[in-house]
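Chemist: Structure in structure tokens, see below.
The values are calculated or read from the model by the stated rules, or taken from the named source; none is laboratory data. Source: prediction; values computed, not measured. FYI the Cβ positions are ideal-geometry reconstructions off the backbone, even for glycines, and counts take in every protein chain you see. Accessible surface areas use protein heavy atoms only, side chains included; no ligands, DNA or RNA. Shrake-Rupley method; radii C 1.70, N 1.55, O 1.52, S 1.80 Å.
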Amino acid sequence: MRRPPRLTALLAGAAVTMASTALAVVGTASGAAAAPVCTVEYAVTNQWTGGFQGAVTVTNNSTALNGWSLGFSFPAGQQVSQGWGGKWTQSGAAVTVVNESWNAQLGSGAQVTTGFIASWTGANTAPTAFTLGGVPCTDDGPTTPPTGTPPTTPPTTPPTDPPTTPPTTPPTTPPTTPPTSPPPTPVSGAPELSVTGNTFTDQNGAVRRLLGVNRSGGEFMCVQGYGIWDGPVDDASVKAIADWKANTVRIPLNEECWLGLDNIKPEYRGDNYVDAVEDLVTKVLAHGMTPVLELHWTHGQYTGNSSGCADVHASCQKPMPNAQYTPAFWTSVANTFKNDERVVLDLFNEPYPDRATSTATQAWTCWRDGGTCPGIGYEVAGMQDLVDAVRATGAKNLVLVPGIAYSNDLSQWLTYRPTDPAANLAAAWHVYNFNTCSTETCWNDTLAPVAAQVPLLAGEIGENTCGHAFIDRVMKWFDDRGLSYLGWTWNTWNCNSGPALITSYDGTPTAFGTGLRDHLRALAP
């Protein structure tokens, strides 16, 4: 969010080892000549007592498809509990995976990978028969589709005729059940997070999700001359966050207060401010939660489209960081916390160069490269500049990089993402019910491709309805894909001034906060 309640208005606007059994089903679809020829690879990528994670890769070896549906049956009572890369449904033993809108196109020779988590008991025997668009892929199919009527249901046993190609059914000598070693045990307490593929992992290699809240105050109280935090940040108030089963607390900061600029009252700037931030980080860590330090408000005068204030000082959300102070801010923050990789660094709250520039290309170029940006009157520090400032200190901490349009647009994030020598970069995204990208269709189109390649954290989720129906939808979409999210905000405001999770710092929730609290508790082990 761009403004706290003290202002006059609220903005309206796994690392898994693939050392498991894999089954490839290669063949030609039977039926009419136009039926697709497909290759299917099924793999169990991780397994533990009672559960496992798997992946299914389909290659279309025939004509291009606009929309696809994969079918197969589990032979040993396995039950899918979560899936991604497609819409997963299961009826009895039969499983169907239908494309998402963003991966509906499956060209000739193209492939698509979907993943899932499922339960098993007794034996975790791999399926041996798959269909694409209702037409079977068989392990002994001819090289060209024969005439005749395809079966209406996938075969439940392998063909009895000797195959003309090497058998794809798992041999009887090696075990058909993947190893039963459990997944890596998560470290206790707050983890040192790394990027592994499109997941966050800890020191043991266990996949982790960041689930929790924002603790607003450090971005606005000091510059407005009221203090450093909005409300208590003692041990009891931090414990109250942990009692919601949150594992992450995002802490918005102000660069002028951190750097000690003389427009800030002495008691709220420089060492006093830094010490207060370090103390809160220590408390968050002591309760086993991940602190995310985020730069919210910055220096630089901007009076253009969607300006939050005419002030040159860091008293509102600016469209981009500035080259004068922001790299120095991140150099100082990184030096302060580089020896504790449990601390996550979130580069900038809600960039909106798209409101100042005339084209998307200009906006994304400004976002990445900074410099002189159309419509912005100060020299901009781009996301690459900030990554460079952090890494120049030797800090290897996880770094979060937001998108544009107040962090609500990640449509070209992959194209323009900064280069990170530490390879520890993830995407950050914000969503409220009044944002442009606030529907599952938009999330499927613009978020899912990003989440398929890098970890994705929704650093702020919220709504201005005084309820939680919208964030319920957000959390479901993110849960279905194993992604991370943080509610805005752990402050005792009200729905007229901004989405507030609590009515008291003892953790008493608002109606909005009840939705997040109950959901986090339900997800907790």
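Chemist: State all residues of segment 97-116 that are within 18 Å of the chain's Cα centre (by Cα), assigned to a strand (DSSP E or B) and of a type in the set (A, V, I, L, M, F, W, C); if no residue qualifies, say none.
Modeler: The one that is within 18 Å of the chain's Cα centre (by Cα), assigned to a strand (DSSP E or B) and of a type in the set (A, V, I, L, M, F, W, C): 116.
Chemist: From 449, 455, which residue is open to solvent by less than 50 Å² (accessible area, probe 1.4 Å) and farther than 20 Å from residue 405 by Cβ? Write out each step before concluding.
Modeler: Numbers: 449 fails: farther than 20 Å from residue 405 by Cβ.
Result of the check over 449, 455: 455.
Chemist: OK, next. Return yes when residue 306 is more than 29 Å from residue 209 (Cα to Cα), open to solvent by 10 Å² or more (accessible area, probe 1.4 Å) and among the small types (Gly, Ala, Ser) and no when it is not.
Modeler: Numbers: more than 29 Å from residue 209 (Cα to Cα): yes; open to solvent by 10 Å² or more (accessible area, probe 1.4 Å): yes; among the small types (Gly, Ala, Ser): yes.
It is true that residue 306 is more than 29 Å from residue 209 (Cα to Cα), open to solvent by 10 Å² or more (accessible area, probe 1.4 Å) and among the small types (Gly, Ala, Ser).
Chemist: Inside segment 475-525, can you point out the residues that are surrounded by 14 or more Cβ atoms within 10 Å (Cβ to Cβ), part of a helix (DSSP H, G or I) and of a type in the set (Gly, Ala, Ser)?
Modeler: 513, 515, listed by residue number.
Chemist: Moving on to the next point. Quick check: is even one residue across segment 290-303 more than 24 Å from residue 459 (Cα to Cα) and open to solvent by 40 Å² or more (accessible area, probe 1.4 Å)?
Modeler: There is at least one residue in segment 290-303 that is more than 24 Å from residue 459 (Cα to Cα) and open to solvent by 40 Å² or more (accessible area, probe 1.4 Å).
Chemist: What are the residue pairs meeting all of these: first residue in segment 417-431, first residue acidic (Asp, Glu), second residue open to solvent by less than 10 Å² (accessible area, probe 1.4 Å), Cβ atoms under 6 Å, and 6 or more apart or on different chains?
Modeler: As it stands, the answer is 420/387, since those pairs meet every condition given.
Chemist: Residues of segment 350-407 being crowded, with 22+ Cβ neighbours inside 10 Å, β-branched (Val, Ile, Thr) and farther than 20 Å from residue 250 by Cα, which ones?
Modeler: 357, 376, 380
Chemist: OK, next. Just for segment 39-58: of the residues that are polar (S, T, N, Q) and crowded, with 20+ Cβ neighbours inside 10 Å, which one is nearest to residue 90 (Cα to Cα)?
Modeler: Initial filter on segment 39-58 (polar (S, T, N, Q)): 39, 45-47, 49, 53, 57.
Still in the running and crowded, with 20+ Cβ neighbours inside 10 Å: 46-47, 53.
On the way: 46: 21, 47: 20, 53: 16 Å.
Within segment 39-58, the match that is nearest to residue 90 (Cα to Cα) is 53.
Chemist: Being among the small types (Gly, Ala, Ser) and over 20 Å from the mean Cα position of the chain (by Cα) is the filter; apply it to segment 482-514 and report the residue that is modelled with the lowest pLDDT.
Modeler: Here is the first cut: in segment 482-514, the residues among the small types (Gly, Ala, Ser) are 482, 484, 487, 497-498, 500, 504, 507, 511, 513.
Applying the additional criterion that residues be over 20 Å from the mean Cα position of the chain (by Cα) yields 497-498, 500, 504, 507, 511, 513.
Values: 497: 76, 498: 83, 500: 96, 504: 97, 507: 98, 511: 95, 513: 97.
Looking at the filtered set, the residue picked out is 497.
Chemist: Being assigned to a loop (DSSP other than H, G, I, E, B), of a type outside the set (Phe, Trp, Tyr) and within 28 Å of residue 445 (Cα to Cα) is the filter here; which residues of segment 45-95 pass it? Write out each step before concluding.
Modeler: Residues of segment 45-95 assigned to a loop (DSSP other than H, G, I, E, B): 49-50, 61-64, 67-68, 74-78, 85-86, 92-93.
Checking the rest, the ones that are also of a type outside the set (Phe, Trp, Tyr) come to 49-50, 61-64, 67, 75-78, 85-86, 92-93.
The answer is 61, 62, 63, 64, 67, 85, 86.
Chemist: So is residue 86 among the small types (Gly, Ala, Ser), surrounded by fewer than 19 Cβ atoms within 10 Å (Cβ to Cβ) and modelled with pLDDT under 90 or not? Steps first, please.
Modeler: Values: among the small types (Gly, Ala, Ser): yes; surrounded by fewer than 19 Cβ atoms within 10 Å (Cβ to Cβ): no; modelled with pLDDT under 90: yes.
In short, no.
Chemist: Pick out the one residue from 461, 502, 471 that is in contact with a His (Cβ under 8 Å, 6 or more places away or on another chain) and of a type in the set (A, V, I, L, M). Show your work before the answer.
Modeler: Working: 502 fails: in contact with a His (Cβ under 8 Å, 6 or more places away or on another chain); 471 fails: in contact with a His (Cβ under 8 Å, 6 or more places away or on another chain).
One residue alone meets the criteria, 461.
Chemist: Still on this model: What is the residue count in segment 365-382 for residues that are touching a Gly at 6+ places or on another chain (Cβ under 8 Å) and assigned to a helix (DSSP H, G or I)?
Modeler: Residues flagged as touching a Gly at 6+ places or on another chain (Cβ under 8 Å) and assigned to a helix (DSSP H, G or I) within segment 365-382 amount to 4.
Condition check ((1) out of contact with any Pro (no Cβ under 7 Å at 6 or more places or on another chain); (2) open to solvent by 20 Å² or more (accessible area, probe 1.4 Å); (3) over 17 Å from residue 367 (Cβ atoms); (4) not in a strand (DSSP E or B)) across all residues:
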{"position": "314", "(1), (2), (3), (4)": "yes, no, yes, yes"}
{"position": "332", "(1), (2), (3), (4)": "yes, yes, yes, yes"}
{"position": "339", "(1), (2), (3), (4)": "yes, yes, yes, yes"}
{"position": "345", "(1), (2), (3), (4)": "yes, no, yes, no"}
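Chemist: Looking for something touching a strand residue (DSSP E or B) at 6+ places or on another chain (Cβ under 9 Å) and within 15 Å of residue 501 (Cβ to Cβ) - is there at least one such residue anywhere in segment 232-240?
Modeler: Keep residues of segment 232-240 that are touching a strand residue (DSSP E or B) at 6+ places or on another chain (Cβ under 9 Å), which gives 238, 240.
With within 15 Å of residue 501 (Cβ to Cβ) added as a condition, the list becomes 238, 240.
Scanning segment 232-240 turns up at least one residue that is touching a strand residue (DSSP E or B) at 6+ places or on another chain (Cβ under 9 Å) and within 15 Å of residue 501 (Cβ to Cβ).
Chemist: Give the residues of segment 102-120 that are surrounded by fewer than 18 Cβ atoms within 10 Å (Cβ to Cβ) and farther than 14 Å from residue 53 by Cα, sorted by residue number.
Modeler: Residues satisfying the conditions are 102, 104, 105, 107, 108, 109, 110, 111.
Chemist: Do we find a residue being of a type in the set (Phe, Trp, Tyr) and within 26 Å of residue 461 (Cβ to Cβ) anywhere in segment 259-273? Walk me through it before giving the result.
Modeler: Within segment 259-273, the first condition is being of a type in the set (Phe, Trp, Tyr), and the residues that meet it are 268, 273.
From what's left, within 26 Å of residue 461 (Cβ to Cβ): none.
Scanning segment 259-273 turns up no residue that is of a type in the set (Phe, Trp, Tyr) and within 26 Å of residue 461 (Cβ to Cβ).
Residue by residue, here is whether (1) at pLDDT below 85; (2) under 24 Å from residue 48 (Cα atoms); (3) open to solvent by less than 20 Å² (accessible area, probe 1.4 Å); (4) of a type in the set (Ser, Thr, Tyr) holds:
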residue: 75; (1), (2), (3), (4): no, yes, no, no
residue: 100; (1), (2), (3), (4): yes, no, yes, no
residue: 138; (1), (2), (3), (4): yes, no, no, yes
residue: 143; (1), (2), (3), (4): yes, no, no, yes
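Chemist: Sticking with this structure for a sec: Out of 375, 394, which single residue is closer than 30 Å to residue 288 by Cβ, in contact with a Lys or Arg (Cβ under 9 Å, 6 or more places away or on another chain) and small (Gly, Ala, Ser)? Steps first, please.
Modeler: On the way: 375 fails: closer than 30 Å to residue 288 by Cβ.
None of the others qualify; the one that does is 394.
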